[in-house]
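Since the structure comes first, as structure tokens, the remarks are kept for the end.
The values are calculated or read from the model by the stated rules, or taken from the named source; none is laboratory data. What you see is a predicted model, and the numbers here were worked out from it, not measured in a lab. Positions of Cβ are generated from backbone atoms using ideal geometry, with glycine treated the same way; all protein chains shown enter the neighbour counts. With ligands, DNA and RNA removed, areas are computed over all heavy atoms of the protein, side chains included. Shrake-Rupley method; radii C 1.70, N 1.55, O 1.52, S 1.80 Å.
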Amino acid sequence: MSSNVTPDNIFSMEAVKIDSTVQTLATIQLSYGFPSFGLMIIFLFLFGCSKIYSNSFYRLVQLDLLTNLLLYFNTWLGIRIEMHPACIPALKFIEKTLPGVLTWSKYFTWWFMHIQFLTAAVLSVHRISSIFFPLRYEKTAVILIRTFQFWSQYYFIFGLVFFIYSFLPTLLWLGFGNEVSIINGILSKKRNSENIVKATNVTAVFSIIYFIVILTLGLTTSILVSSKFKAVSSSYENVAKKLTRIALTYCFVYTGILMWSVITAMNSNLNFLPLFIVAINQNLLVFSSDLMTLSLPYILLIFDTNVRKHVFRRKTPVNSNNFGFTSFLISS
């Protein structure tokens, strides 16, 4: 390649200019992102170290927290940092030290969509499996223990399967959408337009599928909670509802965000959204993505009394019967 000629699909990442709007939005995103990121790390270790949370549901919550931690970090590395001129030297250093990392980071922005859906959906699947067998748990401890062990012991297998599956949709297009490298001493990005179009279309189709699936899971969980435990004692009913609220709320938050992604994908072909919405749509998608990625710690704080006691260090002792180990023995 001649040093004086640059192909149309290769752009200098070092040519980015300071944009006051981008800086303002980044400040807002960091203002809620850093505290949320910190909470997610705290909960990840808390659930792994405290015996109060030694149950199957929290293992799946840990899996989801880890996924969202990595996803959030990747959005900054793969997308957001390059919008700020002051951060370009850091990206250039990363590319020099670990060639290809930034290219893969951009690839993973597609990949994370799939594993994020799976880790969110499995929480509802866990609750549905629990709701189906409450009477059996009362009758025999063997079934209870086996189910508890299934979710507790195989959550790592779930994670591995989710990890592998999330690569499969991205095989529908060959190669990277964006490739980052240092060309003639300049940090540059190569855009493969054909791959980007294919990736966008594939993502739109999967967004619709995931929207239908997770909405179905949420509605199914709601119906089961409202009807399944009418024949069971009120204590079982209360426990079941408490255990389900986290998964159900998280499910519907995810559903709302996916619905906006579906509407955006449809608008690319039908053009029915107002122009002022289209103009700010990219920013709306960023904030909605953050809402989905960072919401779980706050849902836990709202519905889980043990988590609140740990975080706010209340003097009242943490009670395993209050949304803790004993509760999950009933319905894990």
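For region 288-298, indicate whether the set of residues that are modelled with pLDDT of 75 or more, within 19 Å of Arg59 (Cα to Cα) and open to solvent by 20 Å² or more (accessible area, probe 1.4 Å) is non-empty.
Filtering region 288-298 down to residues modelled with pLDDT of 75 or more leaves 288-298.
Pick out the ones that are also within 19 Å of Arg59 (Cα to Cα) and you get 293-298.
Checking the rest, the ones that are also open to solvent by 20 Å² or more (accessible area, probe 1.4 Å) come to 298.
For region 288-298, residues modelled with pLDDT of 75 or more, within 19 Å of Arg59 (Cα to Cα) and open to solvent by 20 Å² or more (accessible area, probe 1.4 Å): present.
Of all residues in region 185-236, how many are more than 30 Å from Ile257 (Cβ to Cβ) and at pLDDT below 90?
7
Output yes when any residue across region 28-38 is more than 14 Å from Asp64 (Cα to Cα) and not in a helix (DSSP H, G or I), and no when none is.
The answer is no, given that none of the residues of region 28-38 is more than 14 Å from Asp64 (Cα to Cα) and not in a helix (DSSP H, G or I).
When you check Ser2 against the structure, is it open to solvent by 30 Å² or more (accessible area, probe 1.4 Å) and either modelled with pLDDT under 95 or in a helix (DSSP H, G or I) (or both), yes or no? Before the answer, list the steps.
Numbers: open to solvent by 30 Å² or more (accessible area, probe 1.4 Å): yes; either modelled with pLDDT under 95 or in a helix (DSSP H, G or I) (or both): yes.
When the stated conditions are applied, Ser2 passes them.
Can you name the number of the only condition in (1) surrounded by fewer than 18 Cβ atoms within 10 Å (Cβ to Cβ); (2) at pLDDT 75 or above; (3) under 23 Å from Pro297 (Cβ atoms) that Lys242 fails?
Against the list (1) surrounded by fewer than 18 Cβ atoms within 10 Å (Cβ to Cβ); (2) at pLDDT 75 or above; (3) under 23 Å from Pro297 (Cβ atoms), Lys242 comes up short only on (2).
Kindly list, by first and then second residue, each pair from a residue in region 17-36 that is of a type outside the set (Gly, Ala, Ser) to a residue that is open to solvent by 70 Å² or more (accessible area, probe 1.4 Å), limited to pairs with Cβ atoms under 7 Å and residues at least 6 apart or on different chains.
From region 17-36, the pairs are Val22/Met83.
From Gly175, Gly159, grab the single residue that is over 24 Å from Met266 (Cα atoms), assigned to a loop (DSSP other than H, G, I, E, B) and at pLDDT 70 or above.
On the way: Gly159 fails: assigned to a loop (DSSP other than H, G, I, E, B).
On inspection, the qualifying residue turns out to be Gly175.
Give me the residue from region 40-70 that is open to solvent by less than 10 Å² (accessible area, probe 1.4 Å) and aliphatic (A, V, I, L, M) and, out of that set, modelled with the lowest pLDDT.
Among those residues, the one meeting the criterion is Leu60.
What are the residues in region 86-99 that are surrounded by fewer than 15 Cβ atoms within 10 Å (Cβ to Cβ) and either touching a Pro at 6+ places or on another chain (Cβ under 6 Å) or of a type outside the set (Phe, Trp, Tyr) (or both), if any? Full working, then the answer.
If we filter region 86-99 for residues that are surrounded by fewer than 15 Cβ atoms within 10 Å (Cβ to Cβ), which is where we start, we get 86, 89-90, 93, 96-99.
Correct list: Ala86, Pro89, Ala90, Lys96, Thr97, Leu98, Pro99.
Looking only at region 10-27, count how many residues are open to solvent by less than 60 Å² (accessible area, probe 1.4 Å) and not in a helix (DSSP H, G or I).
3
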